[in-house]
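Below is one structure, written out as structure tokens; the observations come after it.
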Amino acid sequence: MFGNVGIERKAIETTYEGSASITEYEEYTVESGATRHRELVRDGIPCALSQKSGKAADRRDDRSVIEYDAKLFVAPEHIIKPGSKITILQNGMNLTFVSVGEPFLYPTHQEVILKRKDNA
């Protein structure tokens, strides 16, 4: 299916115009045996963001709500768990999303479906 994976991966990575910050929560146990959660952040991950489905802003109550799906393209070694918060800086935009499913892995990259929901 794939020719030279290294060459194909380099070609795909030339399209990475963005930088992602991935925030996840990790459960850990303290000495007393209690369970706690801590935030883990990985910054500066090269990526590309593409809008998957567009939708006009909806007017709800006294505010406008922006909601749409997007697709994140990133190297396959970056593990992105469902529910991760992902902030992307690309083309002058600084947008925050939530990962809504399992990543789809290829030898050259992975694709992650994201959901953006914010007030306009």
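Of all the numbered requirements in (1) surrounded by 13 or more Cβ atoms within 10 Å (Cβ to Cβ); (2) of a type in the set (S, T, N, Q); (3) at pLDDT below 95, Q51 misses one, and that requirement is (1).
Here is the figure for the range 9-54: residues that are in a strand (DSSP E or B) and on the phi > 0 side of the Ramachandran plot total 1.
Among the residues of the range 60-100, those that are surrounded by 16 or more Cβ atoms within 10 Å (Cβ to Cβ) and in contact with a Pro (Cβ under 7 Å, 6 or more places away or on another chain) comprise I80, S99. Of the residues making up the range 71-88, just one is farther than 26 Å from I7 by Cα and among the hydrophobic types (A, V, I, L, M, F, W, C), namely I86. The residues in the range 65-83 that are within 11 Å of V112 (Cα to Cα), among the hydrophobic types (A, V, I, L, M, F, W, C) and part of a strand (DSSP E or B) can be counted, and the count is 4. Against the list (1) loosely packed, with under 10 Cβ neighbours inside 10 Å; (2) in contact (Cβ under 8 Å) with a residue 12 or more places away in the chain; (3) not hydroxyl-bearing (S, T, Y), the condition E27 fails is (2).
The values are calculated or read from the model by the stated rules, or taken from the named source; none is laboratory data. Given the structure is predicted, the values throughout are model-derived calculations rather than measurements. Here the Cβ is made from the backbone with ideal geometry for all residues, glycine too, and neighbour counts use every protein chain on show.
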